[in-house]
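First up is the structure itself, then whatever we jot down about it.
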Amino acid sequence: MQSYSTGIFHWSAVRRVDHYQFELASDRKFHSPVLGGAGNFSTRSTSATLSHTLPDGTYWWRVRGIHKNGSVSKWVTHSFKKVWSVKPTLLTPANGASIAFPTHPLLLSWTPVVGAVRYVVAIARDPKMTSLVSGAQTVTTAASYIPPTTLAQGTYYWTVTPVDADKHGGATSVVRSFTWGWPTTTHTSLQDLVTAPEFFDPLLSWTPVPGAAKYELDVNFSQDFNTSSRVYSATTVATGFSPVKPLPNNTYYWRVRPINAQGDDGVWTQGSSFTQFFDTSPPMPVGLTVVGVHMRDEFSDTGPKPPGWQTAVPLLVWNPVAGAADYDLNVYSETGGVCDIQTAAQNMHVVTPLTAWSPLGNGHGPLPYPSTGASFEAGGTKLTAGTHYCVRIRAQGDGDSAGQQVYGDYTFLNDAFTYEPNAPATGTVARPTHSDYLSPASGVVTGQTPMFTWKPIAGANAYWVIIARDPTFTTLVDYGFTQIPAYVPRRTYADETTSYYWAILPAANADGTGLPVVPETTLPLDPLHACDPSIPPATNICDFQKRSTPPTLISPTNGTQLAAIQPSFQWTPVQGTLNYRLEVSTDPSFGSLLTNVVTGSTDYVSTTTYPAQSTLYWRVQANDGDGTSLTWSSTGTFKQVLPIPQPHAVSPAGDVIPTLSWGSVDGAVGYDVSVVLPNGSTKNFHVYTPAMVPVGLAGAGAFHWQVRADFSGAGAGPYSPLVSFERDLNPVTNTSLARHRHALVFSWQGRPGLKEYIVEIATRPDFSGGVETDKTEGTVAASLLSSGAYAKGGKFYWHVEAVDADGNSTGFSDTKIFRLRKHH
């Protein structure tokens, strides 16, 4: 028996027997019967078939006649050999082919084998198929297979073994090989986001790797990437990284590798090394880490003063340092003509977010106006007349990723000034006029918190400075005490769209007492009457506006449509900023936020999953050295438009389960396939390459399917339009009946994938008068002739139905007719 067939057995008739007994065994003595009742049965026919298949091997069968009185004839014994020798022919991939994940699916396909209802697919590391790959093996009803797992780089071998309806394995195919690889090398880039020479603001980026679900980034002090020298290590779905906290000053090495959706690592790609610094020498010139450090007076800034410049109103100013949030300043006295802070008799230490300094007043008395809601600035070391003072200053940034303060090198101004105070003022203290207020000028708009200066007021030896948000001075912002006609706040003011208001209250005495009396009220001077006595208090205002320049949005540009990449947000730096707040929302009023992050960089590579095909809004706000939130940028828009896979046409499927395929989508880490069955139900599949074999499909007719791509960090894109394919499970053909005097043998042409055949015989064309139903795994069935209907003779109808391994019916073959004579 040289096929999968269940076989057919014939013998000669024995006179006057009632029926025959048939037995099947795997040994000549029939001690090992096989198939149970299917191999040991009674029949009135002189032909017999088996309803189940046999494993390959040698078998013995025998038959004897049984008379009505119970007497028996002798056994007639024969043997046969069952060999299912037809091997599947491997089709794809070609022997030795190279497969590149994920753009080229590993589609293993072969020719179907008649009698096979399933196939065992084996993938191994060696040609002898002894080192099987875990997770890559399968048993499938289809004649093709795409492994659900990714493989390690290398050469693999594969075979296919057919399995019949009783799970007997047939002949294994030849061994073929293929080489599997995942090209994982990426191209890296390093960008300094800010052109300013004072610091390095790094953006590390790399090109997307097809099939990568995320990336592992390693930033290290050591060129050999020692784990103990690791500074930053994380996995990210983005293709870029900018530190939200500054990195400590050092030289850095970095590398990145992709990881696919199943956790397999790619190769490391090393980026260009970089040196992180903040206002240090080198690369900045020695002594010029903070430039423009010089003295000025209350009236104007005419540039640097000579060493030892004598002044009663010491005002120190300097240029802002890019990336600096505040400044660490020491003003200290000379000792023996030498600027040595360790031996200085006086040392005034201030950390200020402003780019100016002035001394505050000492020994003040009671406040002349309530300071409710405002900080009060006064005190510190009192300057000594005739003393030479030195300055050292360094810029400071945010705390770094290790929690340490980032700061630059000191710039020194030796013998910056000599303090020579004016003689104490005498006489009646005057009320200030509008023209006494120097800066900020009334109505001016300033981007930074201003330095306040005014002309010396006759008779005044001290001043109170009061700043408010309203012209009636009920909402105070700041309150200072000074003994010179200048005041530099120690904190910043918030940006406002309305004005600030400031007033000077001069005092006759150095402790701030002795304010002038307002004739209209006969009370000491208050802020409402402190600007100009000729103007009514309601309009007597010295005002200015504080409104910093907001960040300018760089990318994504307005209206940009992004594909399957994580957006990299970039904006221009803002002077005096500690960090920035980035907000992203689907709401133009930012009522609900998708991203709300604070970063010290001027770039942020998002890892947020944004809704696809929706307009998104983003904006940036700078926070200054005091943590005060400044003016928001304009609002930018972008849209993340995720690509839609394009399905390929499916050839008419017939009985075969088709391969569904589509164009590979850049950035996709997997695909969701939805198949609508003819009965309206839906089956969903998830795969990692742009093809799949949808096993287990129920029914025949029109199937509809669509596919969408999944993106790491970006969710799933839209589904493709529905496309269809036809699966036709045609009835069996070539049905025939072999009639013998004592036998009816029905046969038909088998097809691959059909598990069971059902033969129905009836006396009516609608098969309501059932005579016999036989089920078999083969393509031939001998009637047992046990029904009494056969003895009555007449017209009989018959047809065959087949069922595949997934339970799908082919429907019935054409109905055929045969006639029998009546006999006794």
Tally up the residues in segment 181-190 that are open to solvent by 20 Å² or more (accessible area, probe 1.4 Å) and small (G, A, S), please. 1
Would you check which residues across segment 695-710 are closer than 20 Å to A143 by Cβ and surrounded by 19 or more Cβ atoms within 10 Å (Cβ to Cβ) and list them? L697, A700, F703, W705
If we keep just the residues of segment 249-260 that are crowded, with 22+ Cβ neighbours inside 10 Å and of a type in the set (A, V, I, L, M, F, W, C), which is nearest to A325 (Cα to Cα)? W254
Selection from segment 456-470 of residues that are over 18 Å from R547 (Cα atoms) and either aliphatic (A, V, I, L, M) or in contact with a Ser or Thr (Cβ under 8 Å, 6 or more places away or on another chain) (or both): I457, A458, G459, A460, A462, Y463, V465, I466
Anything in segment 193-227 that is free of Cβ contacts under 8 Å to residues at least 60 places away in the same chain, more than 19 Å from the chain's Cα centre (by Cα) and in a strand (DSSP E or B)? List them, or say none. V219, N220
Taking only segment 269-321 into account, find how many residues are at negative phi and in a loop (DSSP other than H, G, I, E, B). 34
Taking segment 66-107, which residues are of a type in the set (S, T, N, Q), closer than 27 Å to W662 by Cβ and surrounded by 14 or more Cβ atoms within 10 Å (Cβ to Cβ)? T92, T103
Taking segment 771-807 and the residues there that are part of a strand (DSSP E or B) and closer than 18 Å to R819 by Cβ, the one that is most open to solvent (accessible area, probe 1.4 Å) would be K795
Residues in segment 381-391: is at least one surrounded by fewer than 17 Cβ atoms within 10 Å (Cβ to Cβ) and farther than 26 Å from G308 by Cα? no
Between A395, A425, which is within 21 Å of A324 (Cβ to Cβ), among the small types (G, A, S) and either open to solvent by 10 Å² or more (accessible area, probe 1.4 Å) or under 51 Å from the mean Cα position of the chain (by Cα) (or both)? A395
Given the condition of a type outside the set (S, T, N, Q), open to solvent by 60 Å² or more (accessible area, probe 1.4 Å) and more than 30 Å from P210 (Cα to Cα), answer yes or no: does some residue in segment 46-62 qualify? yes
Counted residues in segment 613-648 being in a loop (DSSP other than H, G, I, E, B) and under 20 Å from A324 (Cβ atoms) come to 4
Does G680 satisfy the criteria of being under 30 Å from S813 (Cβ atoms), exposed (fewer than 15 other Cβ atoms within 10 Å of the Cβ) and of a type outside the set (S, T, Y)? yes
Please return the ranges of strands (runs of 3 or more DSSP E) entirely within segment 332-422 where 1 or more residues are over 22 Å from P489 (Cβ atoms) and at pLDDT below 95. 388-399, 405-407
For segment 593-612, enumerate the residues that are β-branched (V, I, T) and assigned to a strand (DSSP E or B). T595, V597, V598, T599, V605
So, of the residues in segment 738-770 that are β-branched (V, I, T) and over 59 Å from the mean Cα position of the chain (by Cα), which turns out to be surrounded by the most Cβ atoms within 10 Å (Cβ to Cβ)? I761
I'd like the full set of residues that are surrounded by fewer than 20 Cβ atoms within 10 Å (Cβ to Cβ), aromatic (F, W, Y) and touching a Ser or Thr at 6+ places or on another chain (Cβ under 9 Å), limited to segment 408-418. Y410
Just give me the residues in segment 545-573 being closer than 16 Å to D495 by Cα, part of a loop (DSSP other than H, G, I, E, B) and either in contact with a Gly (Cβ under 7 Å, 6 or more places away or on another chain) or open to solvent by 20 Å² or more (accessible area, probe 1.4 Å) (or both), in sequence order. R547, S548, T549, P550
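Matching residues to (1) of a type in the set (S, T, Y); (2) within 27 Å of S401 (Cα to Cα):
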site	(1), (2)
T289	yes, yes
E298	no, no
T302	yes, no
W309	no, no
With segment 110-180 as the region, which strands (runs of 3 or more DSSP E) entirely inside it contain at least 1 residues that are of a type in the set (A, V, I, L, M, F, W, C) and open to solvent by less than 60 Å² (accessible area, probe 1.4 Å)? 118-124, 154-163
Expected output for segment 620-636 (first residue open to solvent by 60 Å² or more (accessible area, probe 1.4 Å) and at pLDDT below 95, partner in a strand (DSSP E or B) and not acidic (D, E), Cβ below 9 Å, 6+ apart or cross-chain) is D626/L578
Of all residues in segment 428-449, count the ones that are part of a helix (DSSP H, G or I) and surrounded by fewer than 16 Cβ atoms within 10 Å (Cβ to Cβ). 2
Taking into account only those residues within segment 462-505 that are open to solvent by 10 Å² or more (accessible area, probe 1.4 Å) and among the acidic types (D, E), which is farthest from T631 (Cα to Cα)? D470
Regarding segment 350-364, can at least one residue be identified that is without any contact (Cβ under 8 Å) to a residue 40 or more places away in the chain, surrounded by fewer than 19 Cβ atoms within 10 Å (Cβ to Cβ) and not hydrophobic (A, V, I, L, M, F, W, C)? no
Kindly check whether there is at least one residue in segment 226-248 that is among the basic types (K, R), surrounded by 14 or more Cβ atoms within 10 Å (Cβ to Cβ), in contact with a Ser or Thr (Cβ under 9 Å, 6 or more places away or on another chain) and closer than 24 Å to G715 by Cα. no
T311: open to solvent by 30 Å² or more (accessible area, probe 1.4 Å) and over 14 Å from V488 (Cβ atoms), yes or no? no
Among the residues of segment 228-239, write down those that are small (G, A, S) and free of Cβ contacts under 8 Å to residues at least 60 places away in the same chain. S228, S229, S233, A234
Counting only residues that are under 21 Å from A48 (Cα atoms) and of a type outside the set (D, E), segment 794-815 contains a total of 6
What residue, among those in segment 263-302 that are hydroxyl-bearing (S, T, Y) and surrounded by 15 or more Cβ atoms within 10 Å (Cβ to Cβ), is nearest to I393 (Cα to Cα)? T289
Could you check, for segment 508-525, whether at least one of its residues is under 60 Å from the mean Cα position of the chain (by Cα), surrounded by fewer than 17 Cβ atoms within 10 Å (Cβ to Cβ) and assigned to a loop (DSSP other than H, G, I, E, B)? no
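The values are calculated or read from the model by the stated rules, or taken from the named source; none is laboratory data. These numbers were taken from a predicted model, which means no experiment stands behind them. Here Cβ is always computed from backbone atoms with ideal geometry, including for glycine, and neighbour counts include all displayed protein chains. Just so you know, the surface numbers come from the protein's heavy atoms only, side chains and all, with ligands and any DNA or RNA stripped out. Shrake-Rupley method; radii C 1.70, N 1.55, O 1.52, S 1.80 Å.
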